[in-house]
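Reading through the structure tokens given below for one structure.
Laboratory data are not the source of any read-out in this text; all were calculated from the coordinates shown. Everything numeric in this text was worked out from a predicted model, so none of it was measured. Neighbour counts run over all protein chains shown; Cβ positions are idealised from the backbone, glycine included.
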Amino acid sequence: MGNFINGIIDKKINRRNFLKASAVGAASLALPGCSSNTLTKAGADASSANSEEKWITAACWHNCGGRCLNKALVVDGVVLRQKTDDTHPDSLQYPQQRGCLRGRSQRQQVFGADRLKYPMKRKHWEPGGGDKSLRGKDEWVRISWEEALDAVAGEITRIYDKFGPTSVLARKGNATLKLLRKKGGYITIWDSNSEGTYNLDVKKLGIPDQGYDSANDRFDLKNAETIVLYGSNPAMTSAGSPSWYFMEAKKAGTEFICVGPAYTNSAAVFDAKWIHVRPGTDTAFLLAVAYTMITEDDPIKNPIIDWDFLNRCTVGFDAEHMPAGAKLNENFKDYVLGKYDNQPKTPEWATEICGTPVEDIQWYARKIRKGRKVSLLHGFAPARNRNAENFPQLFLTIGAMGGHIGKPGEATGQSAHTNAANSGPSLVKPGSDGLPSIPNPINEYLMAPVAWKSVLEGKYNSVGQWEFSKNIKDLDIHMIYWEDGARFQTTPDLMGGIEAHRKVDFVVANAQFLKTEAKYADIVLPVTTPWENAGGGLLDGNREILIAYSQVTEPLYEAKSDIWIGKELAKRLGFDPKDFWPFDEKQMFFNQIASSKVMLEDAKSYGPLVTITDADIKEWGVKGKPQQGKIVLKEFLDKGIYQFKRTEGDQYGFICYKDFVKDPENNKLSSASGKFEIYCDAKADLVNNMGFGPAEFKPYANYTVPVEGYETTFDNFKSKTKGEYPYLIYNPHYFRRSHTVFDNVPWLREAWTQPIFISASDAAEKGIKDGDTVLIWNKHGKVLRNASVVETLVPGVLALPHGAWIDIDEATGIDVGGADNVLCGPTVSGIAVSGYNNYNCNFKKYEGKPLIPDCNKPQRIVDLK
Ligand SMILES: Nc1nc2c(c(=O)[nH]1)N[C@H]1C(S)=C(S)[C@@H](COP(=O)(O)OP(=O)(O)OC[C@H]3O[C@@H](n4cnc5c(=O)[nH]c(N)nc54)[C@H](O)[C@@H]3O)O[C@H]1N2
Ligand SMILES: Nc1nc2c(c(=O)[nH]1)N[C@H]1C(S)=C(S)[C@@H](COP(=O)(O)OP(=O)(O)OC[C@H]3O[C@@H](n4cnc5c(=O)[nH]c(N)nc54)[C@H](O)[C@@H]3O)O[C@H]1N2
Ligand SMILES: [Mo]
């Protein structure tokens with residue numbers, strides 16, 4: 001039986017495969033820009049005495065929820081080995097920033113056989129499009145940079161002249177896209193991605209922007225009797241030290257509860273009690289928790305609700321606490337008790353939806369009662385669902401009912417990504433490169449899940465960003481420019497996206513690999529990775545660190561930086577590159593370092609981080625002024641990191657909302673009332689006015705049936721007749737990759753498969769065994785994956801790891817890569833959230849040709865004609 005931790009079926013890293021993979025890595029080192037005897041050096045003579053050896057801090061730049069120190073051993077220009085943080089001894093107070101297998105495999109990514117070597121165009125492309133239906137399946141032809149840049153500039157000019165800036169769609173990137181902004185701008189895509197419905201301007205509820213840093217810092221964890229990890233899986237999704245911090249609390253006696261559809265790695269590591277909740281049904285679960293708290297509470301005999309907290313710090317809980325000027329004469333408590341819809345939100349009502357046993361709902365409600373020290377920590381996964389618009393407010397409401405806010409050991413807030421287990425303002429902050437900012441003059445957004453539908457239909461709902469009101473406009477996209485990111489692959493409705501890509505006149509991508517954006521483009525411009533970039537750069541991560549990386553290798557093959565491409569295109573578009581890049585990369589890096597900040601002893605203000613002397617400025621040949629900081633420039637670059645020294649009990653500890661909870665009148669929150677808004681007209685108006693979904697969101701957290709979610713797996717929910725797509729499916733973020741990055745790396749493919757996780761009972765019903773090839777499909781698309789049959793998943797729910805590269809078999813139309821967004825479609829409601837975790841599907845054992853293991857599948861390497 002497979003296991004949920006890594007989906008390993010029967011695949012072990014064997015010595016033969018390891019050597020094979022290493023050989024690919026070594027062979028790929030024989031590149032222009034590296035010394036000619038690279039292969040011999042890498043293969044046989046690594047420790048030769050007269051070689052020049054140097055450990056260089058190498059960027060580990062991915063959006064993986066960690067930020068670790070990565071060093072590369074460079075011998076005569078060749079990377080031989082990697083290591084991680086050994087700049088100081090490891091301790092809990094002052095931990096090393098250690099990398100994971102992904103970071104440690106990075107040389108297989110940077111020097112991968114799949115790196116794009118030359119500018120290229122698809123064979124049947126011609127200005128205006130050529131045969132557009134061939135996008136994604138045409139042959140590639142090598143072209144010169146001259147030809148590529150002329151062609152791209154030609155199409156940009158033609159399309160802007162003929163159709164204007166609103167005919168251009170672009171997303172993510174700050175080099176070549178600057179030119180498009182100067183040309184008049186472009187329409188972009190707005191995506192709720194990481195934070196889901198925490199993007200609905202939760203400041204109006206009194207929560208910090210997007211919910212970030214709303215819990216306490218790491219030294220406070222063990223003050224909790226109970227830590228709830230709510231839809232959060234730091235052991236998989238927050239690399240670095242967060243799991244260690246939680247483990248210390250565990251050792252100190254803190255009990256852990258994990259809430260969600262799977263018994264996660266984190267639940268296993270912290271030996272948590274697992275509360276089963278189907279994905280996308282948290283509102284039902286939490287309403288029943290509220291019902292239990294309300295009906296069991298007796299201020300004298302059985303105090304569960306913290307009435308003092310509700311009185312002082314919130315508005316809208318009940319009829320006695322309504323905010324001034326409330327538009328609706330309804331309150332949360334009476335809603336929960338069923339006063340308005342004759343449906344009390346009992347555990348028996350909820351269990352039909354969320355699947356949580358009644359006694360577990362009650363157990364949870366009693367656990368988080370007033371007076372116990374409870375930290376309620378949420379990830380954003382429960383907010384990445386259709387109809388999860390009430391999750392932020394409801395999670396807050398429950399925390400407030402128990403009074404678990406703003407005290408040692410008590411928190412109600414976010415714990416995920418780089419600030420998992422450790423909330424608080426940054427103690428060290430990266431500076432700015434000092435380049436002039438060139439804003440996009442067009443303030444138009446396609447909402448991500450319906451972006452491709454909009455392109456195909458020629459109409460979109462222009463709600464703006466933070467303006468939010470329905471406004472249908474015409475849309476006529478002629479060109480797509482992909483610079484950074486993988487925003488075609490990572491946006492819902494990939495199949496619609498392919499159609500949209502085959503409709504427009506021109507698609508261009510800057511790319512390191514044949515990422516999906518490049519695969520479906522007409523012209524692909526090969527770009528460098530941060531290991532090749534002249535100058536170097538800074539990377540921030542958790543609140544205590546700032547990493548400074550340097551160039552590890554010369555640019556590979558003909559790859560160029562995005563900035564170089566930007567400058568070359570600028571000339572061809574009649575702009576002066578100096579207007580965009582008035583100085584070089586070295587000066588940019590210097591500016592970043594010089595303007596980096598560190599928190600001062602008063603634990604409020606910031607001062608310069610790095611000490612810079614006149615001699616440094618001279619040596620670098622840059623413009624700047626000397627300054628006094630906390631670390632000298634050379635040491636910063638040699639170590640590659642500045643790590644703020646914390647000690648327990650220091651002045652940098654953080655208890656979110658502490659001042660507010662002590663004295664609400666003099667420390668108002670961001671909401672209109674200055675308090676936590678359990679009733680908030682602004683929230684309801686904002687969600688309902690966007691025009692994406694049924695206007696049924698109330699000013700308090702109410703239950704709404706999702707447009708796609710658990711209920712829609714039935715034809716008839718009342719009689720429990722299942723529908724055409726009777727399963728829920730969600731996308732855990734996954735060890736093998738950072739989103740789409742590393743998907744092609746052989747070592748990581750061996751370490752982790754890309755399975756479909758299926759519960760043992762569902763698999764048994766369908767006669768599916770571990771490792772069988774399974775077809776998963778819905779009305780949006782079809783994918784094939786091998787089954788990993790697990791006991792750790794709620795029945796009726798499948799888990800498809802996020803980020804695998806789409807790989808359409810053109811004969812069958814089936815994606816054999818297992819891409820999440822083939823199945824996650826354009827169904828929207830509310831704020832048009834990207835609902836990655838509650839869509840519907842069906843599955844069966846595949847009768848066609850079985851899949852070969854990913855690690856035996858050829859990498860996506862371009863065969864240039
Ligand atoms: N290895 C790796 N790490 C990553 C990333 C990556 O791609 N790979 N991506 C990074 C990024 S950008 C982000 S945003 C974070 C995401 O970090 P997380 O949000 O922690 O990651 P997820 O795996 O989406 O969700 C965590 C767990 O929540 C549970 N869950 C899913 N849906 C629901 C739901 O509807 N309700 C409840 N109660 N629980 C649910 C599942 O058990 C899931 O395993 O990860 C970061 N870290
Ligand atoms: N179905 C589904 N979809 C999801 C999610 C989900 O859970 N389910 N999760 C969502 C979340 S939380 C997030 S944060 C997004 C992430 O979405 P993206 O940000 O689109 O994903 P990444 O794979 O991190 O994109 C990195 C890409 O940028 C390229 N790149 C890196 N550096 C450079 C550079 O210097 N120049 C250029 N030109 N390119 C560069 C890399 O090669 C890689 O292709 O995905 C979202 N999409
Ligand atoms: Mo994310």
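At a Förster radius of 41 Å, what calculated FRET efficiency corresponds to the Cβ-Cβ distance of R366 and Q343, to the nearest 0.05?
Efficiency computed from Cβ-Cβ geometry: 0.95.
Grab the Cα-Cα distance for D576 and S719, subtract it from 0.36 nm times how many residues apart they are, and report the gain in nm with one decimal.
Length gained, D576 through S719: 44.7 nm.
Below 17 Å, Cα to Cα, which lysines can K645 reach? Residues fewer than 8 away in the same chain don't count.
K429, K597, K604, K630
Which of the peptides 656-663, 849-856 is most tightly packed, and how do the rest follow, judged by the mean count of other Cβ atoms within 10 Å per residue?
Output ranking for 656-663, 849-856: 656-663, 849-856.
Only counting other Cβ atoms within 10 Å, I'd like D209, D297, D85 sorted with the fewest neighbours first.
Placing the least packed residue first, the sequence is D209, D297, D85.
For the chain, taking Cα atoms only, what is the radius of gyration to one decimal and the Dmax to the nearest whole Å?
Cα only, the chain: 27.1, 84 Å (Rg, Dmax).
Sorting check: for 565-578, 775-788, which peptide has the highest mean count of neighbouring beta carbons within 10 Å, and how do the rest follow?
Going by the mean number of other Cβ atoms within 10 Å, highest first, we get 775-788, 565-578.
Quick one: length gained pulling E601 to N443 fully straight, 0.36 nm per residue minus the C-alpha distance?
So the extension gain works out to 52.8 nm.
List the pairs from K222/K345; K121/K503; K273/K370; K782/K845; K459/K567 whose alpha-carbon separation is above 23 Å, in the order I gave them.
Over 23 Å Cα-Cα: K222/K345; K459/K567.
Throw me the Rg/Rh for segment 711-856, computed over C-alpha atoms with Kirkwood Rh, two decimals.
0.96
Tell me, what HN-Hα J-couplings in whole Hz come from the Karplus equation 6.51 cos²θ - 1.76 cosθ + 1.60 at θ = phi - 60° for each residue of segment 521-530, using x for Gly and Pro?
9, 8, 10, 10, 10, x, 10, 6, 9, x
Rounded to the nearest 5, what is the percent of antiparallel bridges among the DSSP beta bridges in the chain?
55
Answer with one residue from V707, N744, P347: the one whose Cα lies farthest towards the positive end of the charge dipole of the chain, charges on Cβ with Lys, Arg +1 and Asp, Glu -1.
Value computed over the given set: N744.
How charged is the neighbourhood of A252? Take every other residue with its Cβ under 15 Å from the Cβ of A252, and add Lys/Arg as +1 and Asp/Glu as -1.
Once all neighbours under 15 Å are counted, the net charge is -1.
Would you mind ranking E483, E810, E635 so that the residue whose beta carbon has the fewest other beta carbons within 10 Å leads the list?
Final ranking by Cβ density, sparse to dense: E810, E635, E483.
Grab the other residues whose beta carbon is less than 10 angstrom from that of L798, score K and R as +1, D and E as -1, and report the net.
Its environment carries a net charge of 0.
Give me the lysines in straight-line cross-link reach of K172: C-alpha distance below 17 Å, same-chain residues under 8 apart excluded.
Within the straight-line limit of under 17 Å, K172 reaches these lysines: K182, K183, K515.
Where the Cα atoms of segment 664-765 are projected onto their three principal axes, how long is each span, largest first, in whole Å?
57, 43, 26
Nearest 20 debye, what's the magnitude of the dipole of the chain about its Cα centre given +1 on Lys and Arg Cβ and -1 on Asp and Glu Cβ?
Computed about the Cα centre, the dipole is about 1160 debye.
Restricting to DSSP H runs of at least four residues, report the calculated mean residue ellipticity at 222 nm for the chain, -39500 (n - 2.57) per run over all residues, nearest 500 deg cm²/dmol.
-6500 deg cm²/dmol
Please list, by residue number, everything in segment 633-662 whose backbone N is under 12 Å from a paramagnetic label point 7 Å out along Cα→Cβ of Q93.
Under 12 Å, as judged by backbone N against the label point of Q93, lie 645-650 of segment 633-662.
Based on the Cβ-Cβ distance of N667 and A695, what FRET efficiency does E = 1/(1 + (r/R0)^6) give at R0 = 30 Å, to the nearest 0.05?
0.30
Could you line up L456, L116 from fewest to most neighbouring Cβ atoms inside 10 Å?
Ranking L456, L116 by Cβ neighbours within 10 Å, fewest first, gives L456, L116.
Label A760 and E352 with points 7 Å out from Cα along Cα→Cβ: what is the distance between them in nm?
3.1
Add +1 for every Lys or Arg and -1 for every Asp or Glu among the other residues with Cβ under 14 Å from the Cβ of Q489, and state the total.
For residues surrounding Q489, the net value is -1.
For K204, which lysines qualify as cross-link partners when the Cα separation must be under 24 Å and same-chain residues fewer than eight apart are set aside?
K327, K333, K407, K470, K658, K662, K668, K675, K683, K698
So, R0 is 35 Å and r is the distance between the beta-carbons of L101 and A319; what FRET efficiency does that work out to, to 0.05?
Plugging the Cβ-Cβ distance into 1/(1 + (r/R0)^6) gives 0.05.
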